[in-house]
Amino acid sequence: MESIFPAMYSTLSPAALASLVSEKYNIGSVECQFLVRGVGDTYLVGDSRYVLRVYRGSQRSLEQVQAEMELLMASRQADVPVSYPIADREGGLIQTLDAVEGTRYAVLFTYAPGSPAAVLTEQQLQLLGRQMARFHNVSSTIRLSATRWNFDMETTIDRPLAMVENAFASDPEAYAWLQSTATRVKERLASMDSRAFSSGYCHYDFLPKNFHFDGEETLTFFDFDFFGYGWLVNDIMTFWEHLCLDVHFGRMEQEAADRAFAVFVAAYREVRSLSDAELAAVPYLSFGWWLFYMGFYTTHDQFFPFLQPAMLKLRTGLMRRLMERYISD
C-alpha cells in the first residue's frame, strides 16, 4: 500500500522551493511567494528579481520545456527583450522535481521589469511592433532541436472543435454555429494565396498581460508557454484581438483601435516585411485562436469552470459578436 495517497496535481511548498533555489542557484538565500496557477505554477523569487515556473508534467513534457528554453536563449542572444532562464550552479536550465503526482519540471526566469499597459501610448505601440518583428526575425530562422506543436487548421480548428463537442451537449445550437463558422473560416483561408506568408515560431498569446513596459522605452516579453510553429501573422492577430476586445467592452472607440493597430503595424514593417494579404487573414485566424484555447480548457482542471454551460454561452456569444463585426463575407 502506498504511503502517500496519489494525486493528479499538487501545489508545491514555497518554502521548500526557496530552499531548492537557494541550493541550486548562485543567487544567495531567497524566499518564494506563490503567485498564480495556470498551465504551470508561478512563484515570485527573491524580492521580484526572478520568477520560478513549475510546469505540470501532464501539460508539458521535458522535450517541450527544452524547446522553450532553446527559443528563449536564442532570442536573448539576438538581444530580443525576453524573460530568459537562469542557469544553475552546474549550468543547467531545468530542474526535475519528484512531486506526489509524478515528475515536474521547474525553470528560474529573470523577472520582466515594469508592468502591463492597459492602453498603449503611441511610443509603446511602436516599441511593441519593432520588438515583435525582431522576435520574428529569430523565430523564423531558428530550427529547434526539440519539437513543439504546429498552429494550422487541424490544431486550431478541427481538433479543438472535436474536443469541446461534449461540453455543448446542452446547447447544440451554439455548437452548430461553431461548426458552420469553422467551415466558413477554413474556406476563406484556403482561398487566400498563403504561399508567401512568413512562418516560424509564434508566441500565440501576445496580449498585454504577457509583456511588461518599464516606461516608454523598455519592453520585455514573457510567458512563451504556448508557443508553436505556424504563420507569424498569428502573433499580429493576438494583439489585434486585444484591441477588438477593448472596443467590444467599451474601453476604446473603433477609430482609436484602428489607429493604434496602424501604428503598431507600421512599426513592425520598419523591421520586417508584413504583407496586406497576411493582414487580411487576421480576422479569420482569430476564430482559430479562440477555439484553440477552448480546446485546451478540456485538458486542464484549472479551466474546467470555463466549460460549464453558462460560461460557454458567454464565450460563444462573444465570439459571434466579434465575428459579425469584423468578418463581412
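Every number in this text was worked out from the coordinates using simple rules, so none of it is lab data. These numbers were taken from a predicted model, which means no experiment stands behind them. Cβ: placed from backbone, ideal geometry, glycine included. Neighbour counts: every protein chain shown.
Brief remarks on what is shown
- Stretching Asn150 away from Ser275 to a fully extended chain increases their span by 42.8 nm, per 0.36 nm per residue minus the current alpha-carbon distance.
- For Gly228, distant residues with modelled amide H under 5 Å away: Cys202
- Gain in span if fully extended, Arg321 to Ala99, counting 0.36 nm per residue against the direct Cα distance: 75.6 nm
- What separates the Cα centres of the range 112-161 and the range 39-101 is a distance of 18 Å.
- Checking every one of the GluC sites (Glu not before Pro) in the range 1-51 against DSSP loop status and a limit of 16 other Cβ atoms within 10 Å picks out Glu2, Glu31.
- Tensor-based shape of the chain (alpha-carbon gyration tensor, a/c under 1.5 rounded, otherwise prolate or oblate): oblate
- At R0 = 25 Å, FRET efficiency that the Cβ-Cβ distance of Ala7 and Thr299 yields, to 0.05: 0.90
- Sparse-neighbourhood loop sites, GluC sites (Glu not before Pro) in the range 243-293 - DSSP loop, at most 13 other Cβ within 10 angstrom: Glu253
- Test item: Cα-centred dipole of the range 206-329, Lys/Arg +1 and Asp/Glu -1 on Cβ, debye: 520 debye
- About the Cα centre, charge dipole magnitude for the chain (Lys/Arg +1, Asp/Glu -1 at Cβ), debye: 180 debye
- By the helix-only formula, in which each DSSP H run with n ≥ 4 contributes -39500 (n - 2.57) and the sum is divided by residues, the chain has a 222 nm mean residue ellipticity of -14500 deg cm²/dmol.
- Using alpha-carbon coordinates, inclination of helix 62-77 to the longest axis of the chain, degrees: 80 degrees
- Alpha-carbon centroids, the range 6-27 and the range 167-216: separation in whole Å: 36 Å
- Rounded tilt (10° steps) of 122-139 against the dominant C-alpha axis of the chain: 70 degrees
- Share of alpha-carbon pairs per 10 Å distance bin for the range 1-132, given as whole %: 11, 37, 33, 15, 3, 1, 0
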